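Structure first, commentary second.
The values are calculated or read from the model by the stated rules, or taken from the named source; none is laboratory data. Nothing here was measured: the structure is a model prediction, and the numbers come from that model. A quick note on method: Cβ atoms are made from the backbone with ideal geometry, for glycine too, and the neighbour counts reach across all protein chains shown. When the accessible area is computed, the model is the full protein with side chains, heavy atoms only, and any ligands, DNA or RNA have been set aside. Shrake-Rupley method; radii C 1.70, N 1.55, O 1.52, S 1.80 Å.
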Amino acid sequence: MKYMGGKNRIANEILPIILKNRKPKQYYVELFAGGCNVIDKVKGNRLASDKNEYLIEMWYELTEGKTFIEEIPKELYDRARNEFNKKINNEFTLAEIGWIGFMASYNGRFFDGGYNGNYKKRNYTKESINNIKKQIDSMVGVEFSSGNYNEVIIPDNSILYCDIPYKNTKQYSTSKNFNHSNFWKWCKEMTKKGHEVFISEYNAPKDFKCVWSGSIKSYMKAGRSEDVTEKLFTYEWGGF
């Protein structure tokens, strides 16, 4: 699924590190699941959570066999965006608003970058729909949850992967006012409780260890790309 900041391009590099010590039946948990471009490549017990309830409802219904409209004209997009902005769902369900917003918004920005429409004979909405269709089978069996990362009920001794809102980058509606300091403290607490925690970011506090880094092209800025160094961090607690 096309999603701002999605990790599809690096998933096959970071997953062997994240899953290195995974035990049979151990849960793999994503607390900022987004486009699910990493969890769709994992087998076994899986839990996907995200603060965006529209996103989670959409994913849940897709894995239950629900199909959504594939022609999304701007007039329909605007009606769904109006309900999203007003936090109502009179005409559309939460899942339908999620579908319209993610499939038809520019660059997968969910009502933030405007309607994607057609450009130079490319149908971006159709491309987005075709991409997510390829994921559905691999997402069947995933358990879903919606809410803040620190409110999710996590199975004991899980592997947690957190693709958080990056510090000092543009924040979107569901990630505004994200408290990075509290998040890093929470990671330490989760590690002490027996979870393995891995975090994607550009930088981390000094007591977190970088276990992978790689240069990729970022398209976060409209009209141009730039080289950035993605990093994967973890916290190692000595038990004292």
Can you compute 3J(HN,Hα) from phi for each residue in region 41-56, using the Karplus curve 6.51 cos²θ - 1.76 cosθ + 1.60 with θ = phi - 60°, rounded to whole Hz and x for Gly and Pro?
9, 10, 9, x, 5, 9, 10, 10, 9, 7, 5, 7, 5, 5, 4, 5
Straight-line reach check, Lys86, cutoff 24 Å on alpha carbons, 8 or more apart in-chain or any other chain, hits among lysines -> Lys51, Lys74, Lys170, Lys176
Lys and Arg at +1, Asp and Glu at -1: add these up for the other residues within a Cβ distance under 11 Å of Arg22 and post the number.
+3
DSSP beta bridges in the chain [antiparallel fraction, %, rounded to 5]:
50
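Per DSSP helix of 4 or more residues, -39500 (n - 2.57); summed, then divided by the residues of the chain. What does that give at 222 nm, rounded to the nearest 500? Write out the running numbers ahead of the final one.
Values: 6 runs with 72 residues, N = 240.
When only DSSP H runs of four or more count, the value is -9500 deg cm²/dmol.
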To the nearest Å², the heavy-atom accessible area per residue of region 1-158 with 1.4 Å probe amounts to 52
Would you pull out the residues with amide H under 5 Å of Gln26's amide H, same chain only if 5 or more places away, H placed 1.01 Å from N?
none
Surpassing 31 Å at the alpha-carbon level, of the pairs Lys43/Lys193; Lys133/Lys192; Lys20/Lys193; Lys87/Lys192; Lys66/Lys188; Lys2/Lys66, are Lys133/Lys192; Lys87/Lys192; Lys66/Lys188
I'd like the Karplus ³J(HN,Hα) series for region 69-86: coefficients 6.51, -1.76, 1.60, θ = phi - 60°, whole numbers in Hz, and an x wherever there's a Gly or Pro.
4, 9, 9, 10, x, 4, 4, 5, 4, 5, 5, 5, 5, 4, 5, 4, 5, 8
What residues have an amide H closer than 5 Å to that of Val197, excluding those fewer than 5 places away on the same chain, when H is modeled at 1.01 Å from N in the peptide plane?
Leu160, Tyr235
Inverse of <1/r> over all distinct C-alpha pairs of the chain, i.e. the Kirkwood Rh in Å, gives 18.7
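From the convex hull of the Cα coordinates of region 1-70, what is the mean projected area in square nanometres?
On the way: hull surface 21.8 nm².
Answer in nm², one decimal: 5.5.
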The percentage of the accessible area of region 92-145 (probe 1.4 Å, all protein chains present) made up of carbon and sulfur atoms, to the nearest whole number, is 47
Return the long-range amide H neighbours of Asp163 (sequence gap of 5 or more, or a different chain), with a cut-off of under 5 Å between placed amide H atoms.
Leu31, Phe32, Ser200
Relative contact order for the chain using alpha-carbon pairs under 8 Å, separation at least 6, rounded to a whole percent?
21
Add +1 for every Lys or Arg and -1 for every Asp or Glu among the other residues with Cβ under 12 Å from the Cβ of Ser146, and state the total.
-4
Please give the net charge around Val38, taking every other residue with its beta carbon less than 12 angstrom from that of Val38, where Lys and Arg add +1 and Asp and Glu add -1.
0
